[in-house]
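Nothing in this text is a laboratory measurement; each read-out follows from the coordinates by a stated rule. If you're wondering where the values come from, they're calculated on a predicted model, not measured in any experiment. Cβ: placed from backbone, ideal geometry, glycine included. Neighbour counts: every protein chain shown.
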Amino acid sequence: MNLIHSIFEIRAGIAWLRFDRPKQLNALNPQVFEDIAAAVEQVESDHAIKALVITGNRHAFAAGADIKHMASGDIPLSTELTDVSNLAQQRLAELSKPSIAAIAGYALGGGCEVALCCDFRIAAENAVFGLPEIKLGIIPGGGGTQRLPRLIGLGPAVKMIMTGETIDARESLAAGLVHTVVPLDRLEKEAEALALQLSQRPVIALRAAKTAIYGGLNMALADGLRLEQSLFCMLFGTEDQKEGMAAFIEKRPPNFSGR
């Protein structure tokens, strides 16, 4: 896999995608989104990979889109850019395996939107979140107006989107935007610990959980409950269900096979 602005590595069954445009504070451009799409495809296709962690550096997760690239643009360019970004982000959001955003420094605009596509968000104490597009005469174009309200509620999302103001790590935790806040020097260790914990869970059940949670968001409650029931019952046909319940009864750790 030949990435342009990112570094991809696999450690102990965990894939790490690190944005690598430090001089631009990891600002996102079409090539970065292509990196994301390629990394997600690799994670999805490699059965040895159990989870994906996306991160940046200590100063920035990703400080939004590359404004210099956008400033002289027109409607066709903006359409092309959002087509590329939304395709990559949708692939990330639909990844069947757990995904974690490990966020230090700035997560603004597109950077915040990428983080919203992950299942978990862990923030360092210096993290700053925002959707400042309104200050540039535009609105979020990578899912911010849709994913943020679904995650933190309409009121807080409206304030962030329509004022363009940023919030810090503690405010993000209180709003439910992130799951935990840790010291900067503990960020990657916390992300790794969570990824390793998730890697011990049964693969098919994790996939079913993601399908139920995210699929149900776009359904009426009755339809979501039927989806949950069908997935619940389907799991009783797996070897992992038999192993998990036998291990519980026998008071031993389960040995899941992914079947």
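Numbers at a glance
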item	result
Selection from PRO254, ASN2, ILE213 lying farthest towards where the dipole of the chain points positive, charges on Cβ	PRO254
Cβ charges +1 (Lys, Arg) and -1 (Asp, Glu), total dipole of the chain, debye	540
Positive minus negative residues near THR55 (Lys, Arg vs Asp, Glu; Cβ under 9 Å)	0
Helix 221-234 vs. the chain, principal-axis angle (Cα, 0 to 90°, nearest 10)	50
Potential lengthening between ILE67 and LEU217 on full extension [0.36 nm per residue; Cα-Cα distance subtracted]	50.7 nm
Shape of segment 6-199, Cα gyration tensor, a/c cut at 1.5	oblate
Extension gain (nm, one decimal) between ASP74 and GLU125, 0.36 nm per residue minus Cα-Cα	14.6 nm
When each of LYS210/LYS251; LYS50/LYS159; LYS97/LYS189; LYS97/LYS135 is checked by Cα-Cα distance, pairs over 30 Å	LYS50/LYS159; LYS97/LYS135
Inter-site label distance for ASP168 and GLN197 at 7 Å from Cα along Cβ, in nm	2.6
Cα-centre dipole for segment 1-149 with unit charges at Cβ (Lys and Arg positive, Asp and Glu negative), debye to 20	480
Unit charges on C-beta of K, R, D, E only; dipole of segment 203-249, Debye	100
Cut-off under 5 Å, modelled amide H: who pairs with ALA51 long-range	ALA15
Packing-based order for 121-130, 144-153, 84-93, using average beta carbon neighbours within 10 Å, highest first	121-130, 84-93, 144-153
Calculated from backbone phi, Karplus (6.51, -1.76, 1.60) coupling profile of segment 53-64 in Hz, x at Gly/Pro	10, 10, 8, x, 10, 5, 9, 7, 6, 6, 8, x
In degrees, nearest ten, helix 187-199 long axis to first principal axis of the chain (Cα)	30
Folded to 0 to 90 degrees: helix 154-163 orientation relative to the chain principal axis, Cα	30
FRET efficiency for ALA12 and ARG252, using Cβ-Cβ distance with R0 set to 30 Å, rounded to 0.05	0.85
Exposure proxy ranking, count of Cβ atoms within 10 Å, fewest first, for ASP223, ASP119, ASP168	ASP223, ASP168, ASP119
Gain on full stretching of the segment that runs from ASP46 to GLU239 - 0.36 nm per residue minus C-alpha separation	67.4 nm
Three-way shape label, segment 106-157, alpha-carbon gyration tensor, a/c 1.5	oblate
